[in-house]
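S.K.: Dropping a structure here in structure tokens format, bear with me for questions.
The values are calculated or read from the model by the stated rules, or taken from the named source; none is laboratory data. Quick caveat, the model's predicted, so the values are computed rather than measured. For neighbour counting, all protein chains shown are included, and Cβ atoms are generated from backbone atoms with ideal geometry for every residue, glycine included.
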Amino acid sequence: MATPVRTRPWRLLSALLVVLVGFSVWAFFPGTDSSIRLGLDLQGGTQVILVPKPVVEGAVITDDQLAQTVEILRQRVDGLGVAESEVTTAGSGADAAIVVSVPGLNQDRVVELVQQTALLDFRPVWSVFGPTSTTPTDADGAPIEGAVSATDVEVPVQATENSVEFQTEVAALDCLNPTNYSGGTPDNPEQWLGTCDQNGFSKYSLQPAFIKGTNVTDAQAQLPQGGVGWIVSLEFDTEGAGALATASTELSALPECGTGASPCNAFAIVLDGVVVSAPRFNEPILGGQASIEGDFTAQEARDLANVLKYGALPVTLEPVDVTTISPTVGQDQLSAGLIAGGVGLLLVMVYLLFYYRVLGVVAGLSLVVAGGLLYVVFIVLSKTIGLTLTLAGIAGAIVAIGITADSFIVYFERIRDEIRDGRSLRQACDTGWIRARRTLLAADFVSILAAAVLYLLSVGSVRGFAFVLGLTTVIDVLVAFWFTHPLVVLLGRSNFMQRGSRWTGLDPERLGGVSLADAMAGQSRRKRREGSA
Amino acid sequence: MSKLGSLGQRMYRGEISFDFVGRRKTWYTISAIILLVSIGTLVFRGLNLGIEFKGGADFSLPNATCTVESARGVAETESGGQAIVTVTGSGTVRVQTETLTPNESSILAGALADACGIAKDDIKYQVVGPTWGAEISKKALQGLGVFILLVTLFLTIYFEWRMAVAALVALAHDLLITIGIYALIGLEVTPATVIGVLTILGYSLYDTVVVFDKVKENTRGITGQSILTYDDAANLAVNQTLVRSINTSVVALLPVLSIIVVGALILGAGTLLDLAVALAIGMAAGTYSSIFVATPVLAQLKSATPEMKALATRVRARRTQIAKKTGADSVDGGDVVSSDSLSRSVEAGERSQPKRVSRSKRKRK
């Protein structure tokens with residue numbers, strides 16, 4: 001016979017209670033947010049996966065550049081003012097990808113925002129026109145054969161000087177065409193530029209840049225005291241401040257723009273080849289600090305400040321995956337996932353109850369405890385490391401129901417085996433556990449290994465799934481060791497189970513009492529029983 | 001007690017013994033046929049890859065009022081390429097085009113919203129660049145490689161290399177069958193499918209480890225006796241864990257099936273459904289392989305070792321001796337004898353210890 005095992009069930013049960021209560025208190029501590037953060041696929045929103053490419057062909061992106069890019073994107077996305085937005089990286093070096101997630105439904109703005117990747121510069125405005133394309137006409141008003149028309153030119157229109165050709169091309173530019181006002185093609189700051197504003201409302205002819213985006217050290221959206229509207233305040237470095245002083249002195253003396261005057265007194269903030277804003281100079285700015293006034297809403301002011309502050313990225317970003325999920329679809333997915341999980345759990349419990357009777361109740365309780373523990377641990381992880389629950393995560397949890405229940409099945413079958421070997425119920429609960437424990441740990445180790453590898457090497461939804469799978473496996477081990485086993489041991493000592501009944505699920509008579517089959521199969525056991533065999 | 005319980009009891013004691021290990025050729029043939037069909041379909045039909053792998057744009061229009069033709073018209077005009085339009089469950093129109101820039105997709109989403117009488121914000125869309133899919137696939141394969149390496153290491157240390165090999169054979173078997181069925185039915189392969197398949201990795205091995213642990217236990221010190229061959233002991237292990245295998249499969253499949261049913265009823269196509277379908281196929285294959293593939297392969301590998309060959313010879317010799325003594329049994333060696341002699345011993349065992357059973361009876365009365 002195996003050496004008697006002394007299990008202290010109450011001690012194990014209290015260990016679990018401590019863990020459960022500890023996490024619950026942490027999770028539901030008053031005054032903190034005790035909700036599970038939902039992933040984009042469940043609450044709706046936009047996710048953009050970007051692959052950074054070096055600005056210079058063939059160059060290698062350093063970790064520093066990547067970190068800087070993420071920081072810039074995070075600032076921009078935070079500037080949207082949407083809670084729980086996220087910018088994360090996956091992989092590193094040449095394989096790196098940046099994942100931008102913004103909950104709520106702002107797909108166009110999110111994509112726009114993260115895509116604003118390129119050069120920011122400040123240019124003096126030469127003249128401002130209406131957005132329509134004008135083609136040169138002859139004396140009778142008919143289009144001249146072979147002249148430049150709207151189909152021939154697109155943003156950015158560039159030239160080394162304000163030549164006649166340049167002027168004709170600018171005139172022919174059609175700023176009502178979305179491809180011309182949505183930007184995306186960086187301009188050469190050393191040359192003249194003909195372009196549109198980002199809404200397609202007007203068309204600009206611009207002089208070479210006098211300040212580059214890198215000269216901006218800070219930009220803030222502000223609501224000045226006593227002021228009527230939002231402004232964007234700007235700070236420049238020494239080089240920028242000098243250039244600004246010169247340019248503003250010259251420009252503020254010029255006539256108002258939009259009156260046909262050229263040159264006129266405004267400067268254009270050009271991002272990715274299109275005009276983001278074209279404020280006019282009211283007075284010379286000498287201190288390196290400027291503010292842009294306009295009919296800004298709070299949102300517009302913040303967006304502009306973000307663009308100014310974080311305009312120039314060290315890399316170009318290519319959006320490789322843009323996913324938008326509407327909040328209603330997300331809600332449906334969440335409720336379907338929860339229903340499926342609930343139904344699955346119920347079915348498993350009914351099956352276990354039917355098959356294992358009283359032990360089935362223990363298994364059901366264990367599943368409930370495991371579920372409860374998963375819930376509070378998830379809240380705590382939401383709080384501490386910002387873990388979000390995704391649909392893949394829910395799927396992981398549902399799959400885990402089966403794997404968790406299997407631990408109990410392995411244990412119960414072992415107990416039955418021990419009883420079949422002729423052990424008493426009390427002994428069987430302990431010796432069966434010793435054998436089941438080894439199997440359990442080995443099998444769960446494989447699961448955790450799979451989860452860890454998946455988590456470390458994958459991107460996006462696979463990660464969420466892997467995390468939940470790993471977490472549930474750890475919880476499975478915890479519950480099996482600290483709840484199921486001690487509870488079964490306690491049951492085994494109870495009068496009800498000792499009396500033996502068909503409801504216990506462990507009735508020795510039904511299970512077949514003693515056999516010698518195992519004596520032939522397991523030599524170690526055979527040796528122990530040499531006398532009787 | 002349910003019938004399965006008493007079946008389990010008789011299998012545990014070897015009264016009923018399914019010959020999983022001895023009839024390995026039959027199982028190998030069945031598996032080989034399924035695998036050939038799988039590989040054949042994979043080669044000739046290929047997988048129906050989702051846009052996440054080949055690049056493209058995918059728009060879901062819930063409660064759309066437009067016809068498939070009008071939606072296709074709008075999509076082809078706006079995208080300037082071919083568009084595939086399908087209607088999925090609950091009146092959702094799905095439009096797939098070649099890959100678009102974010103701007104183009106936003107414009108197309110707007111046009112589709114106008115044409116189909118729904119708000120643009122209700123449209124769910126996804127745009128994937130063509131290189132990104134290759135990236136994801138590469139990552140998944142890398143993960144697979146690393147996992148297999150680590151798990152082989154673990155199994156070799158915990159069990160032995162032959163068990164690691166047998167477990168991996170079963171794993172490859174499950175993965176191939178799952179992928180093959182995907183190719184056969186033409187189900188779309190999405191990232192969720194990949195998650196499902198990767199889970200099968202874990203599940204298939206988990207299942208195999210449980211059975212192998214019993215094999216390991218049964219064969220400890222097996223060379224010190226001459227009653228059972230390695231094949232017999234391994235087969236007994238499979239039989240002893242069979243009830244557990246069945247229960248585990250039922251319990252694991254119940255939640256997955258509930259996802260499939262709930263998913264199909266409420267959601268139509270989606271991450272949950274894709275995942276559940278892959279899991280259901282893989283889990284079924286995993287259970288099959290842990291019984292019919294992993295253990296027979298292991299027994300075959302193990303029986304080829306000199307010690308086990310010697311053991312098999314000894315067992316055969318002993319059985320011939322018994323057969324000569326009793327004279328009654330028409331014995332010609334092999335597996336038939338093993339189950340025979342097993343059940344005989346079992347009966348003897350029960351006869352030899354009748355008191356324990358009657359005591360429990362007495363107690364209840």
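S.K.: Write out, first by first residue and then by second, each pair whose Cβ atoms fall under 6 Å of each other, whose residues are 6+ apart or on separate chains, and whose first residue, in the stretch B:102-120, is in the same structural domain as B:Gly73 (by TED's automatic domain parsing) while the second is outside any helix (DSSP H, G or I) and surrounded by fewer than 17 Cβ atoms within 10 Å (Cβ to Cβ).
M.R.: B:Cys116/B:Thr65; B:Gly117/B:Thr65
S.K.: What are the pairs with Cβ atoms under 9 angstrom where one residue, in the stretch A:246-265, is of a type in the set (A, V, I, L, M, F, W, C) and the other, located anywhere, is surrounded by fewer than 16 Cβ atoms within 10 Å (Cβ to Cβ) and modelled with pLDDT of 75 or more? Sequence gap at least six, or different chains.
M.R.: Correct list of pairs: A:Leu251/A:Pro284; A:Ala253/A:Pro284; A:Ala261/A:Pro255; A:Cys264/A:Pro255; A:Cys264/A:Glu256.
S.K.: A further question on this structure: Can you name the number of the only condition in (1) modelled with pLDDT of 80 or more; (2) of a type in the set (S, T, N, Q); (3) surrounded by fewer than 19 Cβ atoms within 10 Å (Cβ to Cβ) that B:Thr97 fails?
M.R.: Evaluating B:Thr97 over (1) modelled with pLDDT of 80 or more; (2) of a type in the set (S, T, N, Q); (3) surrounded by fewer than 19 Cβ atoms within 10 Å (Cβ to Cβ) leaves (3) as the failure.
Listed here are the residues, each with its yes/no results for (1) in a helix (DSSP H, G or I); (2) more than 30 Å from A:Leu487 (Cβ to Cβ).
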site: A:Asp303; (1), (2): yes, yes
site: A:Leu317; (1), (2): no, yes
site: A:Thr323; (1), (2): no, yes
site: A:Ala336; (1), (2): yes, yes
site: A:Val362; (1), (2): yes, no
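S.K.: Considering each of B:Ala111, B:Ala140, B:Ala119, B:Ala134 in turn, give the residue that is within 26 Å of B:Leu175 (Cα to Cα), surrounded by fewer than 19 Cβ atoms within 10 Å (Cβ to Cβ) and not charged (D, E, K, R). Spell out how you get there, then give the answer.
M.R.: On the way: B:Ala111 fails: within 26 Å of B:Leu175 (Cα to Cα); B:Ala140 fails: surrounded by fewer than 19 Cβ atoms within 10 Å (Cβ to Cβ); B:Ala119 fails: within 26 Å of B:Leu175 (Cα to Cα).
Answer to the check: B:Ala134.
S.K.: Among the numbered criteria (1) modelled with pLDDT of 85 or more; (2) more than 9 Å from chain B (Cβ to nearest Cβ); (3) buried (at least 20 other Cβ atoms within 10 Å of the Cβ), which one does A:Ile409 miss?
M.R.: A:Ile409 satisfies all of (1) modelled with pLDDT of 85 or more; (2) more than 9 Å from chain B (Cβ to nearest Cβ); (3) buried (at least 20 other Cβ atoms within 10 Å of the Cβ) except (2).
S.K.: Counting only residues that are under 23 Å from A:Gln43 (Cβ atoms) and at pLDDT below 70, how many does the stretch A:76-94 have?
M.R.: Pass one, the stretch A:76-94, residues under 23 Å from A:Gln43 (Cβ atoms): A:76-90.
With the extra rule that they be at pLDDT below 70, the set shrinks to A:76, A:78-84.
Selection size over the stretch A:76-94: 8.
S.K.: Out of (1) at pLDDT 85 or above; (2) surrounded by fewer than 24 Cβ atoms within 10 Å (Cβ to Cβ), the odd one out for B:Asn235 is which?
M.R.: The number of the failed condition is (2).
S.K.: Just one of (1) modelled with pLDDT under 85; (2) surrounded by fewer than 24 Cβ atoms within 10 Å (Cβ to Cβ); (3) hydroxyl-bearing (Ser, Thr, Tyr); (4) within 29 Å of B:Phe147 (Cα to Cα) trips up A:Ser458, so point out which.
M.R.: So the condition that A:Ser458 fails would be (2).
S.K.: Restricting attention to the stretch B:218-236, which residues are under 26 Å from A:Tyr411 (Cβ atoms) and more than 8 Å from every other protein chain (Cβ to nearest Cβ)?
M.R.: B:Thr219, B:Ala234, B:Asn235
S.K.: Out of curiosity, is A:Ile415 more than 25 Å from B:Met163 (Cβ to Cβ) and at pLDDT 85 or above? Before you say what the answer is, go through the steps one by one.
M.R.: Values: more than 25 Å from B:Met163 (Cβ to Cβ): yes; at pLDDT 85 or above: yes.
Yes; evaluated as a whole, the condition is true for this residue.
Here is a yes/no grid of residues against (1) more than 27 Å from B:Phe59 (Cα to Cα); (2) outside any helix (DSSP H, G or I); (3) within 11 Å of another protein chain (Cβ to nearest Cβ):
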position: B:Leu257; (1), (2), (3): yes, no, yes
position: B:Asp274; (1), (2), (3): no, no, yes
position: B:Leu279; (1), (2), (3): no, no, yes
position: B:Ala284; (1), (2), (3): yes, no, no
position: B:Val293; (1), (2), (3): yes, no, no
position: B:Val297; (1), (2), (3): yes, no, no
position: B:Arg319; (1), (2), (3): yes, no, no
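S.K.: May I ask you to list the residues in the stretch B:138-166 that are more than 9 Å from chain A (Cβ to nearest Cβ), closer than 18 Å to B:Asn218 by Cα and within 20 Å of the chain's Cα centre (by Cα)?
M.R.: Listed by number, the residues that qualify are B:Met163, B:Ala164, B:Ala166.
S.K.: Please enumerate the residues belonging to the stretch B:93-124 that are within 10 Å of chain A (Cβ to nearest Cβ), within 21 Å of B:Lys54 (Cβ to Cβ) and in a helix (DSSP H, G or I).
M.R.: Across the stretch B:93-124, the qualifying residues are B:Pro102, B:Glu104, B:Ser105, B:Ala109.
Each row is one residue, and each column tells you yes or no for (1) closer than 21 Å to A:Leu353 by Cβ; (2) of a type in the set (Val, Ile, Thr).
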| residue | (1), (2) |
| --- | --- |
| A:Gly386 | no, no |
| A:Leu389 | no, no |
| A:Gly393 | no, no |
| A:Ile398 | yes, yes |
| A:Ile403 | yes, yes |
| A:Phe412 | yes, no |
| A:Arg416 | yes, no |
| A:Leu425 | yes, no |
| A:Cys429 | yes, no |
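S.K.: For the stretch A:412-420, state whether one or more residues are touching a Ser or Thr at 6+ places or on another chain (Cβ under 7 Å), surrounded by fewer than 24 Cβ atoms within 10 Å (Cβ to Cβ) and within 12 Å of chain B (Cβ to nearest Cβ).
M.R.: Pass one, the stretch A:412-420, residues touching a Ser or Thr at 6+ places or on another chain (Cβ under 7 Å): A:418, A:420.
From the residues that got through so far, the ones that are surrounded by fewer than 24 Cβ atoms within 10 Å (Cβ to Cβ) too are A:420.
Right, trim to within 12 Å of chain B (Cβ to nearest Cβ) and you get A:420.
Yes, the conditions are met somewhere in the stretch A:412-420.
S.K.: Within the stretch A:232-283, can you find the residues that are charged (D, E, K, R) and assigned to a strand (DSSP E or B)?
M.R.: From the stretch A:232-283, those charged (D, E, K, R) are A:235, A:237, A:239, A:250, A:256, A:272, A:280, A:283; that's our starting set.
Hits for the stretch A:232-283 are A:Glu235, A:Arg280.
S.K.: Does A:Arg426 satisfy the condition of being surrounded by fewer than 23 Cβ atoms within 10 Å (Cβ to Cβ), more than 9 Å from chain B (Cβ to nearest Cβ) and touching a Gly at 6+ places or on another chain (Cβ under 6 Å)? Can you show your working first?
M.R.: On the way: surrounded by fewer than 23 Cβ atoms within 10 Å (Cβ to Cβ): yes; more than 9 Å from chain B (Cβ to nearest Cβ): yes; touching a Gly at 6+ places or on another chain (Cβ under 6 Å): yes.
Yes: the conditions hold for A:Arg426.
For (1) over 34 Å from the mean Cα position of the chain (by Cα); (2) aliphatic (A, V, I, L, M); (3) not assigned by TED's automatic domain parsing to the domain that holds A:Ser163, each residue gets a yes or a no:
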position: A:Leu193; (1), (2), (3): yes, yes, no
position: A:Gln207; (1), (2), (3): yes, no, no
position: A:Val228; (1), (2), (3): yes, yes, yes
position: A:Ser252; (1), (2), (3): yes, no, no
position: A:Cys257; (1), (2), (3): yes, no, no
position: A:Ile269; (1), (2), (3): no, yes, no
position: A:Val274; (1), (2), (3): no, yes, no
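S.K.: Let me ask something else about it. From the list A:Phe465, A:Phe481, exactly one residue is more than 10 Å from every other protein chain (Cβ to nearest Cβ), part of a helix (DSSP H, G or I) and of a type in the set (Phe, Trp, Tyr). Which is it?
M.R.: Details: A:Phe465 fails: more than 10 Å from every other protein chain (Cβ to nearest Cβ).
Within the list A:Phe465, A:Phe481, the selection yields A:Phe481.
S.K.: Quick one: is B:Ala264 surrounded by 23 or more Cβ atoms within 10 Å (Cβ to Cβ) and either more than 8 Å from chain A (Cβ to nearest Cβ) or more than 18 Å from A:Arg414 (Cβ to Cβ) (or both)?
M.R.: Numbers: surrounded by 23 or more Cβ atoms within 10 Å (Cβ to Cβ): no; either more than 8 Å from chain A (Cβ to nearest Cβ) or more than 18 Å from A:Arg414 (Cβ to Cβ) (or both): yes.
Against the criterion (surrounded by 23 or more Cβ atoms within 10 Å (Cβ to Cβ) and either more than 8 Å from chain A (Cβ to nearest Cβ) or more than 18 Å from A:Arg414 (Cβ to Cβ) (or both)), B:Ala264 does not qualify.
S.K.: Which one of A:Val343, A:Val329, A:Val369 is within 26 Å of A:Ala27 (Cβ to Cβ), within 9 Å of chain B (Cβ to nearest Cβ), in contact with a helix residue (DSSP H, G or I) (Cβ under 9 Å, 6 or more places away or on another chain) and not acidic (Asp, Glu)? Reasoning before the result, please.
M.R.: Working: A:Val329 fails: within 26 Å of A:Ala27 (Cβ to Cβ); A:Val369 fails: within 9 Å of chain B (Cβ to nearest Cβ).
Exactly one residue qualifies, and that residue is A:Val343.
S.K.: Separate question: Read through the list (1) surrounded by fewer than 21 Cβ atoms within 10 Å (Cβ to Cβ); (2) at pLDDT 75 or above; (3) farther than 26 Å from B:Ala119 by Cα, then give the number of the only condition that A:Gly294 fails.
M.R.: (2)
S.K.: For the stretch A:205-256, which residues satisfy the criterion of being touching a Ser or Thr at 6+ places or on another chain (Cβ under 6 Å) and under 29 Å from A:Phe129 (Cβ atoms)? Before you say what the answer is, go through the steps one by one.
M.R.: Here is the first cut: in the stretch A:205-256, the ones touching a Ser or Thr at 6+ places or on another chain (Cβ under 6 Å) are A:205, A:220, A:222, A:231, A:233, A:235, A:237.
Once the filter is applied, which keeps residues that are touching a Ser or Thr at 6+ places or on another chain (Cβ under 6 Å) and under 29 Å from A:Phe129 (Cβ atoms), the stretch A:205-256 yields A:Ser205, A:Ile231.
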